[in-house]
């Protein structure tokens, strides 16, 4: 063998000795621009991201996604449910269901509902008053409907 051919063969054999024993990466992680991180473990089906400000999100394949904010707000979406639920640390919550609308409850007992495509939002105050609002007018109706 000539010298160049020997170098090529030795280089190829050296490369194969390094490359062949390698297996699939078991996990990966990535630092984000503002101090957070993103990671995924092979086989877990989950990817997690954290922010530099204390928030995080976790998505699990086939189950859904949950996000938590810096101050304890949480939003969750379950795979196949067509709805997303939000809660805050003060006792308020809201649920949006695709094609139906959004309902919300405050920590003080007031509730609101907006039906998909209705143009109106109804709010029931914890003391008994009801408010009906639209994008065109606003009316406080006490306990009666307009």
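The values are calculated or read from the model by the stated rules, or taken from the named source; none is laboratory data. From a predicted model like this one, the values you see are computed outputs, not experimental measurements. Please note: Cβ atoms are built from the backbone with ideal geometry, for glycine as well, and neighbour counts cover all protein chains shown.
Out of the residues in region 108-142 that are within 31 Å of the chain's Cα centre (by Cα), surrounded by 12 or more Cβ atoms within 10 Å (Cβ to Cβ) and not in a strand (DSSP E or B), state the one that is modelled with the lowest pLDDT. The selected residue is 126.
Residue count for region 62-83, restricted to those that are over 14 Å from the mean Cα position of the chain (by Cα) and without any contact (Cβ under 8 Å) to a residue 12 or more places away in the chain: 1.
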